[in-house]
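Notes follow the structure.
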Amino acid sequence: MPSLTAKAFAELINTPLYGQLRILREQKYPRQAPGLFKVQYYQPALRVIRRYFQQGNNAAVVPGNGASIPGIGNKPDRIDHNFRVLMAFMNGSQAGRQLTVLGDDTYSMTLGNVVVRATPEFAVRDGTSGQTRYLVYDCREQCPEEEIIRTTVELMHHVITQSGQSCPIGTIEYVHLESDRTFSWNRPRQRTVQRATTTATAIGTLWSTI
């Protein structure tokens, strides 16, 4: 059965057919390049950010240079981009938040004949409001189109709530670290789930051809 992340599904819904095939190929073979590249590329920086929050906003866990990031390897581009992410995080508004990191659960549901998975980068308890929030961190330099971002948030909300969790859509925050922009909405659009259901039928047809 086809299985996609909510992020990939959101991008696919808003992408022409030739782009859809690329996305599906990456999702079907996640351990092959370029799927493997995308899955693992920013994990070293995200692990540092997780430790930062777990240790009470401890800036000492953030390395002073890219080569010192734990598990970064020796590829110059990866070192540079992961360090860029950490500097964007530390210089932006996210680093000042008082957050308690919770689990890193993956939620899933079947939509048509497609399994859709939602794994926020961080599930946290907000120290100001006491509310559970789901943070989606985008580490890329370029911010996606807002329609893709909103579709991602709406699909994640649908998957998490259908998995039995209480999750007002306003508690899901999409954070583009490079621009220090945070996106959230107070009400989901029903048409997003309708579009996703229609797209799921097409995915089922294309999946076996890849």
### Of residues in the stretch 164-210 being open to solvent by 20 Å² or more (accessible area, probe 1.4 Å), in contact (Cβ under 8 Å) with a residue 40 or more places away in the chain and hydroxyl-bearing (Ser, Thr, Tyr), the one nearest to Tyr134 (Cα to Cα)
Thr182
### Task
Output yes when any residue across the stretch 35-51 is at pLDDT below 95 and assigned to a loop (DSSP other than H, G, I, E, B), and no when none is.
yes
### Task
Inspect all residues belonging to the stretch 91-114 and state whether any of them is open to solvent by 20 Å² or more (accessible area, probe 1.4 Å), hydrophobic (A, V, I, L, M, F, W, C) and without any contact (Cβ under 8 Å) to a residue 40 or more places away in the chain.
yes
### Task
Among the numbered conditions (1) at pLDDT 95 or above; (2) within 19 Å of Gln43 (Cα to Cα), tell me where Arg117 comes up short.
(1)
### Query
Quick check, is Ile13 of a type in the set (Val, Ile, Thr), open to solvent by less than 70 Å² (accessible area, probe 1.4 Å) and at pLDDT 80 or above?
yes
### Task
Read through the list (1) within 20 Å of Leu4 (Cβ to Cβ); (2) at pLDDT 95 or above; (3) of a type in the set (A, V, I, L, M, F, W, C), then give the number of the only condition that Ala59 fails.
(1)
### Query
Which one is farthest from Cys139 (Cα to Cα), of the residues in the stretch 94-126 that are touching a Lys or Arg at 6+ places or on another chain (Cβ under 6 Å) and not hydrophobic (A, V, I, L, M, F, W, C)?
Ser108
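Does Thr161 count as free of Cβ contacts under 8 Å to residues at least 12 places away in the same chain, surrounded by fewer than 18 Cβ atoms within 10 Å (Cβ to Cβ) and closer than 25 Å to Gln190 by Cβ?
yes
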### Summary
Within the stretch 129-144, the residues that are of a type in the set (S, T, N, Q) and either out of contact with any Leu (no Cβ under 9 Å at 6 or more places or on another chain) or within 18 Å of Met90 (Cα to Cα) (or both) are Ser129, Gln131, Gln142
### Task
Just one of (1) touching a Phe, Trp or Tyr at 6+ places or on another chain (Cβ under 8 Å); (2) part of a helix (DSSP H, G or I); (3) open to solvent by 60 Å² or more (accessible area, probe 1.4 Å) trips up Met87, so point out which.
(1)
## Note on the structure
Restricted to the stretch 62-75 and to residues being out of contact with any helix residue (DSSP H, G or I) (no Cβ under 6 Å at 6 or more places or on another chain) and open to solvent by less than 60 Å² (accessible area, probe 1.4 Å), the residue modelled with the highest pLDDT is Pro63
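The values are calculated or read from the model by the stated rules, or taken from the named source; none is laboratory data. None of the values given here were measured: they were computed from a predicted structure. We place every Cβ from the backbone using ideal geometry, glycine too, and count neighbours over all the protein chains shown. Heads up: the accessible areas ignore ligands, DNA and RNA and are worked out on the full protein's heavy atoms, side chains in. Shrake-Rupley method; radii C 1.70, N 1.55, O 1.52, S 1.80 Å.
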